[in-house]
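Asker: Provided herewith is a single structure, encoded as C-alpha cells, for subsequent inquiry.
The values are calculated or read from the model by the stated rules, or taken from the named source; none is laboratory data. Everything numeric in this text was worked out from a predicted model, so none of it was measured. Neighbour counts are summed over all protein chains in view; Cβ atoms, including those assigned to glycine, are modelled from backbone coordinates with ideal geometry.
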Protein chains: 2
Amino acid sequence: MPASIEHVSIGTELLLGDTIDSNVAFAGRALSEIGVRVERRTTVGDSIAEIQDAIGSALDRTGVVIACGGLGPTNDDLTRDAVASLLELPLDFDDSIWQELVGRWRKFGREISDSNRSQAMVPRGATVLRNRWGSAPGLWVESARGIVVLLPGVPIEFEGLLREAVIPRLREKLDSAPIHSRRLRTTGIAESKLGELLGPLEEQFAPITLAYLPDQGGVDLRLTAWQLDEETAQLKLDAAEQLVRHVAGQWIYTSGEKDLAVVVLETLRANQLTLATAESCTGGMLGARITAVAGSSDVYLGGVVSYANEAKQELLGVSVETLERHGAVSEQSAREMALGVAGRLGSDCAIAITGIAGPGGGTADKPVGTVWIAWFDRGAVNAKRFGFAGDRSQVRERAVQAALAGFVGLVGLVGKASG
Amino acid sequence: MPASIEHVSIGTELLLGDTIDSNVAFAGRALSEIGVRVERRTTVGDSIAEIQDAIGSALDRTGVVIACGGLGPTNDDLTRDAVASLLELPLDFDDSIWQELVGRWRKFGREISDSNRSQAMVPRGATVLRNRWGSAPGLWVESARGIVVLLPGVPIEFEGLLREAVIPRLREKLDSAPIHSRRLRTTGIAESKLGELLGPLEEQFAPITLAYLPDQGGVDLRLTAWQLDEETAQLKLDAAEQLVRHVAGQWIYTSGEKDLAVVVLETLRANQLTLATAESCTGGMLGARITAVAGSSDVYLGGVVSYANEAKQELLGVSVETLERHGAVSEQSAREMALGVAGRLGSDCAIAITGIAGPGGGTADKPVGTVWIAWFDRGAVNAKRFGFAGDRSQVRERAVQAALAGFVGLVGLVGKASG
C-alpha cells in the first residue's frame with residue numbers, strides 16, 4: 001500500500017465557519033513524522049450522501065481515510081451510519097462501550113443520556129479505539145474498499161486517539177519511509193525577500209525541498225527530505241541548512257519548532273537572568289505567551305498590566321509628569337515602565353510595551369499601530385518605536401513578537417520588517 | 001445558478017500541518033450572511049495536477065469555486081499557472097499590477113524582487129481584484145466551465161478581498177436567498193446533556209435546524225432558517241429561541257456572537273463598575289482576553305501577573321504567612337490576591353486566579369488542574385476551587401472562562417461541568 005492517506009472532516013459547522021478545524025494540521029504533523037502523507041483533505045457537511053461521496057472517492061484514490069467529526073450523540077451526527085452503509089456493514093450495539101460510557105458519566109456525578117446509546121454502535125468487524133478523553137470511541141474499519149478510521153472531532157480526543165491508537169496501526173499497515181524535515185524560523189524579513197535570497201539555492205539543495213510558511217510573527221522555512229533513509233536525510237538537511245544560514249542566518253532565531261518565547265527563556269536561563277513584564281496595549285499577552293511555556297517560572301517573575309494611567313503610576317511608578325508631558329505612549333513612559341517593574345520585582349531584565357492597538361485612540365502624531373517597546377537589561381534600558389500594520393489583534397501580536405525578538409538580538413530587523 | 005459554491009485551499013504546508021487554515025471558516029461565515037452555502041471544501045498540496053483535479057471537479061459540482069493560496073512569489077506557488085491551463089487561458093503580464101507592486105515596496109523603503117513579477121501575471125480576460133493588504137492581487141476568472149476566484153492565502157488579504165471584491169460580485173451573479181441564523185452561547189453544560197434536553201424539541205422548531213458547536217469554553221447552539229424571507233425567518237427563530245431558553249436558559253450567557261469577556265465588560269459597564277485582575281497560572285491570559293475587546297479601558301484598569309511568590313507579596317500584598325501556611329494555590333491566597341489588586345488599583349471588582357496548570361507541580365492534595373478563583377465585588381469576596389481536566393493550555397483556558405463566567409452568575413455551573 002502507498003504511504004499516503006486522505007483526511008475527511010465532517011460537520012456543517014466547519015463549512016459555516018462556526019468552528020475552525022485544527023485536527024487536519026495536527027494529523028498532518030503527526031503523520032509526516034512516520035512518513036505518511038496526507039494527500040488531500042475534504043470537508044463536507046452533516047449529510048449522509050456527502051459523507052459517503054467524500055469518503056468513497058478518497059478511498060478510491062488512496063485506500064486509507066481518516067475521517068473526523070459526526071460521532072457525537074445528537075441528531076446531526078451521521079458519520080457512523082454513513083460509513084456503515086457505504087461499506088455495507090451492519091451496526092451492532094456494543095455493551096462494553098456502553099458500560100464504559102455509563103461509568104464515565106457516573107465518575108463526573110452525572111447520569112448518562114439515552115441519546116449517548118448511538119455512541120455504542122459499531123460497524124460489524126470494526127476495531128474499537130478506546131477514548132480516554134471523551135465519550136465517543138474511535139473506530140478502525142477495514143473493508144474490501146480499504147481502511148476507514150473514524151475519530152471524534154473534538155481536538156483533544158482526536159489528537160489522543162490518533163497518537164495512541166491510529167499511528168501505531170498505520171505504521172504496521174503502511175509501507176512508509178519517514179519524511180525528515182527541519183524548520184528554520186525567521187522573523188524580520190518578508191517572504192518574497194527570502195524567496196529571492198534562497199530561490200537560486202534551491203537547485204543546490206535537491207532533492208531537499210524548501211517551503212515558505214509565513215505567519216504573523218515571521219516566515220518559517222521548512223526543508224524536507226522525502227523518502228530518504230535517516231542518515232542520508234540528515235546529511236542532506238545539514239548541507240541545505242548550512243546554505244540557508246549562509247545567506248539568511250541573521251534572521252533565523254531557531255532551528256526546530258520552538259516558539260520565540262522559548263528561545264528568549266532559554267537565553268535568559270543560560271545567563272541566569274530573571275525577567276519581568278509591563279504591558280499596556282497588549283494587556284497581558286506577553287505574560288501569557290511566556291507562561292505558556294512549562295517551566296517558565298525559574299526565569300519569569302511576573303508583571304503588571306498597566307492599562308489605565310493610574311495603574312502605570314501606582315504599580316510601576318511612572319511619573320505623573322511623564323504621563324502628562326509625553327503621554328502614555330511614549331519613549332519615556334516605556335522606559336519608566338520597564339524600570340518600574342524591574343525595580344518592584346527585583347528582576348535582572350524587563351520588557352515594557354505601550355501603544356495604540358486601535359481601532360480608536362490614534363492621532364496624527366501617533367497613529368493606530370504606534371507602539372513603544374523598552375528593554376531593561378541589568379541597568380541599561382533601550383527603547384524603540386514601531387509602526388505596526390493591521391487590526392487590533394495583529395498590532396498586539398506583532399508588538400509581543402517584536403518585544404520578544406528584542407531579547408535575542410533581532411529587534412532592529414523586526415522593526416524594519418514591520419515598516 | 002444555485003446559491004452554492006466550493007472552496008479549495010492550496011498549499012502543501014496545510015496538509016503537512018505547518019499552518020492552520022482559518023480562511024474557510026471566515027468565508028463560511030461571510031458567505032452564509034448572503035445566502036451562499038459552501039458545499040464542500042478541499043485542500044490539496046502544491047501540485048499542478050492536484051490543484052487542477054480539485055478545482056475541476058468542484059466546478060463540475062457547483063460551477064463556482066473560491067480558491068486560496070499559491071499566489072505568492074516563490075517556486076511553490078502554482079495556482080495561477082494551474083488554473084490558467086485548466087481553463088485554457090493564456091497568462092498575460094499586467095504592467096499596472098507591476099507598477100502598483102513596485103510602488104508598494106518603495107513605500108516600505110525596500111526594492112522589489114524580480115520574483116514578484118509572477119504576481120503580475122493574469123489569465124486573459126480575468127478581472128483583477130486589487131489587494132490593499134498585500135502584494136498578490138486576487139483574480140476573478142469566468143470561463144465556459146464556471147467561475148474561479150483566486151485569492152491569496154494570507155488571512156488578512158483573503159478576508160479583505162473576499163469582503164470588498166468577491167461578495168459584491170457573488171451577490172450579483174448568484175440567485176441567493178439569505179440564510180438567517182442565531183447563536184445562543186452556553187457554558188457549564190455538556191453537549192450530550194444539551195442534546196437530551198433539546199433533541200425532543202427539534203421537531204417543534206422545524207424548518208429551523210439546530211446545530212451544537214462545542215469548544216473549550218462551552219457549547220454554542222446555532223439555530224438556522226434556510227431560504228426563508230427575513231420576516232418569516234426572524235419569527236420562526238424567535239419561537240425556536242424561546243423554546244430553547246425555556247429548557248436551557250440558565251446556561252445561556254448571550255444570544256449572538258459575543259465573547260464571554262464582552263458580556264462581562266457590558267455587565268460591569270452597565271453598573272458603572274471597574275475591574276482589575278490578579279493572575280498566577282494564567283500568566284496574563286485573562287487580561288489579554290479582556291483587553292482584546294476594543295474599548296475595554298473604561299472598565300478594566302489593569303492587573304498583576306504574580307507568577308513568583310515575591311510578586312504576590314510585593315505587588316499584591318499577599319502575606320508571607322498565607323503563602324507559607326496555605327501555599328500559593330489556596331483559597332486564602334486567591335482571596336488576598338483579589339483584595340490586593342482591587343486595593344492597589346482602587347477598582348470596584350477584581351478577579352484572582354491561582355492554580356497548577358501542569359505538567360509539573362501537582363501533588364496528591366492539589367493535582368494538576370487545581371485552580372482557585374476569587375471574585376471581589378465592592379467589599380465582598382467569593383472563592384471557589386476547580387478541578388480542570390486537560391493539558392497546560394486547556395487548564396489555563398478553562399480557568400479564564402470560569403473566572404469570567406463567575407461575573408455573569410454562571411460560576412457554579414462552570415465548576416460543575418468542568419468535573
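Asker: Do we have any residue at all in the stretch A:259-272 that's surrounded by fewer than 24 Cβ atoms within 10 Å (Cβ to Cβ), at the interface with chain B (Cβ under 8 Å from one of its Cβ atoms) and either more than 16 Å from A:V341 (Cα to Cα) or at pLDDT 95 or above (or both)?
Answerer: No, because not a single residue in the stretch A:259-272 is surrounded by fewer than 24 Cβ atoms within 10 Å (Cβ to Cβ), at the interface with chain B (Cβ under 8 Å from one of its Cβ atoms) and either more than 16 Å from A:V341 (Cα to Cα) or at pLDDT 95 or above (or both).
Asker: Is there a residue being assigned to a strand (DSSP E or B), of a type outside the set (V, I, T) and either out of contact with any Cys (no Cβ under 6 Å at 6 or more places or on another chain) or away from chain A (no Cβ under 11 Å) (or both) anywhere in the stretch B:187-195?
Answerer: No; the residues of the stretch B:187-195 include none that is assigned to a strand (DSSP E or B), of a type outside the set (V, I, T) and either out of contact with any Cys (no Cβ under 6 Å at 6 or more places or on another chain) or away from chain A (no Cβ under 11 Å) (or both).
Asker: If I filter the stretch B:210-229 for residues that are surrounded by 15 or more Cβ atoms within 10 Å (Cβ to Cβ) and part of a helix (DSSP H, G or I), do I get at least one hit?
Answerer: no
Asker: Out of all the residues in the stretch A:312-322, which are surrounded by fewer than 19 Cβ atoms within 10 Å (Cβ to Cβ) and in a loop (DSSP other than H, G, I, E, B)?
Answerer: Passing the criteria: A:G317, A:S319.
Asker: Yes or no: the stretch A:121-132 includes at least one residue that is surrounded by fewer than 17 Cβ atoms within 10 Å (Cβ to Cβ) and within 13 Å of another protein chain (Cβ to nearest Cβ).
Answerer: As a first pass, look at the stretch A:121-132 and keep what is surrounded by fewer than 17 Cβ atoms within 10 Å (Cβ to Cβ): A:124-125, A:127-128, A:130, A:132.
Filter once more, keeping what is within 13 Å of another protein chain (Cβ to nearest Cβ): A:132.
Yes - at least one qualifying residue is present in the stretch A:121-132.
Asker: Could you tell me how many of the residues in the stretch B:277-311 are in contact with a strand residue (DSSP E or B) (Cβ under 8 Å, 6 or more places away or on another chain), part of a helix (DSSP H, G or I) and either under 23 Å from B:R398 (Cα atoms) or of a type outside the set (G, A, S) (or both)? Steps first, please.
Answerer: Of the stretch B:277-311, the ones in contact with a strand residue (DSSP E or B) (Cβ under 8 Å, 6 or more places away or on another chain) are B:277-287, B:290-291, B:299-308, B:310-311.
Subsequent filtering for residues that are part of a helix (DSSP H, G or I) retains B:285-287, B:290-291, B:310-311.
Retained after the next criterion (residues that are either under 23 Å from B:R398 (Cα atoms) or of a type outside the set (G, A, S) (or both)): B:285-287, B:290-291, B:310.
Going through the stretch B:277-311 one residue at a time, the tally reaches 6.
Asker: Separate question: Among the hydrophobic types (A, V, I, L, M, F, W, C) and modelled with pLDDT under 85: which single residue out of A:I179, A:I156, A:I97 fits that description?
Answerer: When all the criteria are applied, what remains is A:I179.
Asker: Does the stretch A:43-53 contain at least one residue that is part of a strand (DSSP E or B), on the phi < 0 side of the Ramachandran plot and of a type outside the set (D, E)?
Answerer: The initial filter retains those residues of the stretch A:43-53 that are part of a strand (DSSP E or B), namely A:43-44.
Then keep just the ones that are on the phi < 0 side of the Ramachandran plot; that gives A:43-44.
This time we only want the ones that are of a type outside the set (D, E), so: A:43-44.
Yes, the conditions are met somewhere in the stretch A:43-53.
Asker: Still on this structure: Against the definition (of a type in the set (K, R), without any contact (Cβ under 8 Å) to a residue 60 or more places away in the chain and either within 11 Å of chain A (Cβ to nearest Cβ) or surrounded by 23 or more Cβ atoms within 10 Å (Cβ to Cβ) (or both)), how does B:R104 come out, yes or no?
Answerer: Details: of a type in the set (K, R): yes; without any contact (Cβ under 8 Å) to a residue 60 or more places away in the chain: yes; either within 11 Å of chain A (Cβ to nearest Cβ) or surrounded by 23 or more Cβ atoms within 10 Å (Cβ to Cβ) (or both): yes.
In short, yes.
Asker: Out of (1) surrounded by fewer than 22 Cβ atoms within 10 Å (Cβ to Cβ); (2) among the hydrophobic types (A, V, I, L, M, F, W, C); (3) in a helix (DSSP H, G or I); (4) under 24 Å from the mean Cα position of the chain (by Cα), the odd one out for B:I20 is which?
Answerer: Tallying (1) surrounded by fewer than 22 Cβ atoms within 10 Å (Cβ to Cβ); (2) among the hydrophobic types (A, V, I, L, M, F, W, C); (3) in a helix (DSSP H, G or I); (4) under 24 Å from the mean Cα position of the chain (by Cα), B:I20 fails exactly one: (3).
Asker: If a residue has to be at the interface with chain B (Cβ under 7 Å from one of its Cβ atoms) and within 20 Å of the chain's Cα centre (by Cα) to count, how many in the stretch A:28-46 make the cut?
Answerer: 5
Asker: Could I ask something else about it? Select from the stretch A:196-225 the residues that are of a type in the set (F, W, Y) and within 11 Å of another protein chain (Cβ to nearest Cβ) and list them in ascending order. Show your work before the answer.
Answerer: Initial filter on the stretch A:196-225 (of a type in the set (F, W, Y)): A:205, A:212.
If the condition is that a residue be of a type in the set (F, W, Y) and within 11 Å of another protein chain (Cβ to nearest Cβ), then A:Y212 is the only one that fits.
Asker: Also: Can you tell me which of (1) in contact with an Asp or Glu (Cβ under 8 Å, 6 or more places away or on another chain); (2) closer than 30 Å to B:A311 by Cβ; (3) in contact (Cβ under 8 Å) with a residue 60 or more places away in the chain is the one B:G284 doesn't meet?
Answerer: All conditions pass for B:G284, except number (3).
Asker: Something else: Residues B:A352, B:A311: which one is under 19 Å from A:L315 (Cα atoms), more than 9 Å from chain A (Cβ to nearest Cβ) and in contact with a helix residue (DSSP H, G or I) (Cβ under 8 Å, 6 or more places away or on another chain)?
Answerer: Values: B:A311 fails: more than 9 Å from chain A (Cβ to nearest Cβ).
Exactly one residue qualifies, and that residue is B:A352.
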